[in-house]
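**Student:** I am attaching a structure below and will ask some questions about it afterwards.
The values are calculated or read from the model by the stated rules, or taken from the named source; none is laboratory data. Since the structure is predicted, the reported quantities are computational estimates derived from the model, not experimental observations. Backbone-built Cβ (ideal geometry, glycine too); neighbour counts: all protein chains shown.
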């Protein structure tokens, strides 16, 4: 899922400075699961910002709506009525959600309430880790399902560097060495011989570096 | 909510767990122990059931301070409700500090159902802290707005 983290109340207050009627729009998918932009987080932020503005003698009226998914136009129609009554919209969705709302409501200022971080998994309650860069050319089959492109600080494709210590990364001692994990995993599933093959340099043309990407699946188009 | 500051009587909410603090409050009553009249006790099935929004809404409506009273650590009827409440309390305290209302207006303490004297002591100390901090500025601002002072 997409993992995001909330901006501080101070930053949020600064973002909507000057507006007196604002809609806080939550998203019910990834950012709800990662406890950053769901109904509850929208509610807590609303209380905090409202109180902060009142203390500044500049009260703000905040309405709240959380829709199923901000990144799909089908669900954005539920924002139409509440959006019509406010000066600006603050999206608690990921960056895609914010931009989808901005496109859907071209005449309204739309602001982001979250910092979108990465594609990751929930390790344990309230701890998420990054697992995927979205490079567009998945190589996980070579590495026993562990991605060195994302999880190795140096993005090495042909074995570890000399810096890992006690199975931990030299860049961050809290982070396991991806290549240690790959070795252990390939050994466990009986595919250790995969490490003898030289992996050619990665083709980065499928990644973001040449600009925003687009996918068209003609078989599903209507 | 619209009283002028000169007549200020602090109002404090005490969210009390049914399994400990609420019984301690009842015991304090039976023992004729006095605690400040401005304390309003709200019984909760467990402090872990308290949502952060409950606390924030009370402050927004002008309450001067809140004390959350849960079971002793390790003694929660639901195992870790009081530990979760502690973490949520810390989060709200940081929000209150950030927005300028002050973290000291919210506090959490732990006690058992037999600790009536400690219950009274905590209420008195919390009320004293609130008196030192002064009225909730959100209440003042509401009064000023209603009276046209602003």
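**Student:** Determine whether residue B:138 is farther than 17 Å from residue B:40 by Cα and facing chain A (nearest Cβ under 10 Å).
**Tutor:** Yes: the conditions hold for residue B:138.
**Student:** I need the full set of residues from the range A:101-132 which are assigned by TED's automatic domain parsing to the domain that holds residue A:33 and out of contact with any strand residue (DSSP E or B) (no Cβ under 7 Å at 6 or more places or on another chain), in order please.
**Tutor:** Answer for the range A:101-132, where residues must be assigned by TED's automatic domain parsing to the domain that holds residue A:33 and out of contact with any strand residue (DSSP E or B) (no Cβ under 7 Å at 6 or more places or on another chain): A:103, A:104, A:106, A:107.
**Student:** Filter the range A:59-79 down to residues that are touching a residue at least 24 places away in the same chain (Cβ under 8 Å) and over 20 Å from the mean Cα position of the chain (by Cα) and give me whichever is farthest from residue B:99 (Cα to Cα).
**Tutor:** Per the stated criteria, the residue is A:79.
**Student:** I'm trying to understand the selection: among the residues of the range A:97-131, which are touching a residue at least 40 places away in the same chain (Cβ under 8 Å), surrounded by 14 or more Cβ atoms within 10 Å (Cβ to Cβ) and more than 30 Å from residue A:17 (Cβ to Cβ)?
**Tutor:** If the condition is that a residue be touching a residue at least 40 places away in the same chain (Cβ under 8 Å), surrounded by 14 or more Cβ atoms within 10 Å (Cβ to Cβ) and more than 30 Å from residue A:17 (Cβ to Cβ), then A:119, A:120, A:122, A:128, A:130 are the ones that fit.
**Student:** I would also like to ask the following. I'd like to verify a number: residues in the range B:111-137 that are under 23 Å from residue B:18 (Cα atoms) and free of Cβ contacts under 8 Å to residues at least 60 places away in the same chain, how many?
**Tutor:** 3
**Student:** Which of the residues that make up the range B:97-124 are surrounded by fewer than 21 Cβ atoms within 10 Å (Cβ to Cβ), part of a helix (DSSP H, G or I) and within 14 Å of chain A (Cβ to nearest Cβ)?
**Tutor:** Passing the criteria: B:97, B:98, B:103.
**Student:** Identify all residues within the range A:21-47 that are in a loop (DSSP other than H, G, I, E, B) and either over 16 Å from residue A:89 (Cα atoms) or within 14 Å of another protein chain (Cβ to nearest Cβ) (or both); write none if there are none.
**Tutor:** Correct list: A:28, A:29, A:34, A:35, A:36, A:38.
**Student:** Taking the range A:132-143, which residues are surrounded by fewer than 20 Cβ atoms within 10 Å (Cβ to Cβ) and in contact (Cβ under 8 Å) with a residue 12 or more places away in the chain?
**Tutor:** Matches in the range A:132-143: A:132, A:133, A:134, A:135, A:136, A:137, A:139, A:142.
**Student:** Sort out which residues of the range A:11-20 are surrounded by 14 or more Cβ atoms within 10 Å (Cβ to Cβ) and either within 13 Å of chain B (Cβ to nearest Cβ) or in a helix (DSSP H, G or I) (or both), and write them in order of number.
**Tutor:** Within the range A:11-20, A:12, A:13, A:15 qualify.
**Student:** Quick check on this structure: which one of B:66, B:55, B:41 is part of a strand (DSSP E or B), within 14 Å of chain A (Cβ to nearest Cβ) and under 30 Å from residue A:55 (Cα atoms)?
**Tutor:** One residue alone meets the criteria, B:66.
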